[in-house]
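Right, one structure below, let's go through it.
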Amino acid sequence: MHTHRSFQNPPALPHAAVVETLERALRDRSFEGEAAETLVGTALNDDDHAFVEHWCVEVGTRAEPGSPLLGLAGLCLGHTARRFGRLGDEAVKLAESLAARAEADPADVDGRAMDGFDDVRDFLGLWPSQG
């Protein structure tokens with residue numbers, strides 16, 4: 001018998017729960033799985049642009065090298081750009097930096113950061129001009 005698995009995007013949580021979960025994971029990597037689900041739910045479903053962007057940047061700057069949260073933060077910055085049509089300069093620079101780190105060393109930052117930066121460039125019109 002074959003079972004079909006279904007995937008549902010995680011919901012946005014109350015801001016206090018997001019902060020608590022992400023801060024705990026930034027202190028203790030054993031909580032990264034819960035933090036990943038929390039960050040994705042926030043990036044995809046929370047309507048507070050400033051809060052979403054802030055926590056993507058916090059995770060992307062504070063997670064340890066090699067943490068899967070780094071690539072995920074880059075991907076979530078791409079989701080944020082797609083959903084809101086804007087990112088601050090710090091967030092754009094972080095998305096670019098995480099993508100460059102992923103390209104240079106996938107053991108440092110996973111490839112989701114490159115996908116996120118592609119989305120940032122697509123949705124914010126940041127591709128370099130040709131010619």
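The values are calculated or read from the model by the stated rules, or taken from the named source; none is laboratory data. The structure displayed is predicted, hence computed values, not measured ones. Heads up, the Cβs are rebuilt from the backbone with ideal geometry, glycines too, and the neighbour counts pull from every protein chain shown. We work out accessible area using only protein heavy atoms, side chains counted, and drop any ligands, DNA or RNA first. Shrake-Rupley method; radii C 1.70, N 1.55, O 1.52, S 1.80 Å.
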State all residues of the stretch 97-109 that are out of contact with any Pro (no Cβ under 7 Å at 6 or more places or on another chain) and either crowded, with 23+ Cβ neighbours inside 10 Å or in contact (Cβ under 8 Å) with a residue 24 or more places away in the chain (or both); if no residue qualifies, say none.
Leu98, Ala99, Arg101, Ala102, Ala107, Val109
Can you name every residue in the stretch 78-91 that is open to solvent by less than 30 Å² (accessible area, probe 1.4 Å) and assigned to a helix (DSSP H, G or I)?
Gly78, Thr80, Ala81, Ala91
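Based on this model, can you work out whether Gly33 counts as small (Gly, Ala, Ser), assigned to a helix (DSSP H, G or I) and within 22 Å of Arg82 (Cα to Cα)?
Working: small (Gly, Ala, Ser): yes; assigned to a helix (DSSP H, G or I): yes; within 22 Å of Arg82 (Cα to Cα): no.
Against the criterion (small (Gly, Ala, Ser), assigned to a helix (DSSP H, G or I) and within 22 Å of Arg82 (Cα to Cα)), Gly33 does not qualify.
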Number of the exception - His54 against (1) without any contact (Cβ under 8 Å) to a residue 24 or more places away in the chain; (2) assigned to a loop (DSSP other than H, G, I, E, B):
(2)
Residues of the stretch 49-72 classified as of a type in the set (Phe, Trp, Tyr) and open to solvent by 40 Å² or more (accessible area, probe 1.4 Å), total
0
Considering (1) outside any helix (DSSP H, G or I); (2) buried (at least 16 other Cβ atoms within 10 Å of the Cβ), say which one Asn9 fails and leave the rest.
(2)
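Would you confirm, using the coordinates I've provided, whether Leu75 is more than 12 Å from Val52 (Cα to Cα), open to solvent by 20 Å² or more (accessible area, probe 1.4 Å), touching a Gly at 6+ places or on another chain (Cβ under 6 Å) and not aromatic (Phe, Trp, Tyr)?
Working: more than 12 Å from Val52 (Cα to Cα): yes; open to solvent by 20 Å² or more (accessible area, probe 1.4 Å): yes; touching a Gly at 6+ places or on another chain (Cβ under 6 Å): yes; not aromatic (Phe, Trp, Tyr): yes.
Taking the combined requirement at face value, the residue satisfies it.
Among Leu87, Leu69, Leu75, which is over 16 Å from Leu39 (Cα atoms), touching a helix residue (DSSP H, G or I) at 6+ places or on another chain (Cβ under 9 Å), without any contact (Cβ under 8 Å) to a residue 60 or more places away in the chain and not basic (Lys, Arg)? Walk me through how you get there before you give the answer.
Values: Leu69 fails: over 16 Å from Leu39 (Cα atoms); Leu75 fails: over 16 Å from Leu39 (Cα atoms).
Exactly one of Leu87, Leu69, Leu75 is over 16 Å from Leu39 (Cα atoms), touching a helix residue (DSSP H, G or I) at 6+ places or on another chain (Cβ under 9 Å), without any contact (Cβ under 8 Å) to a residue 60 or more places away in the chain and not basic (Lys, Arg), namely Leu87.
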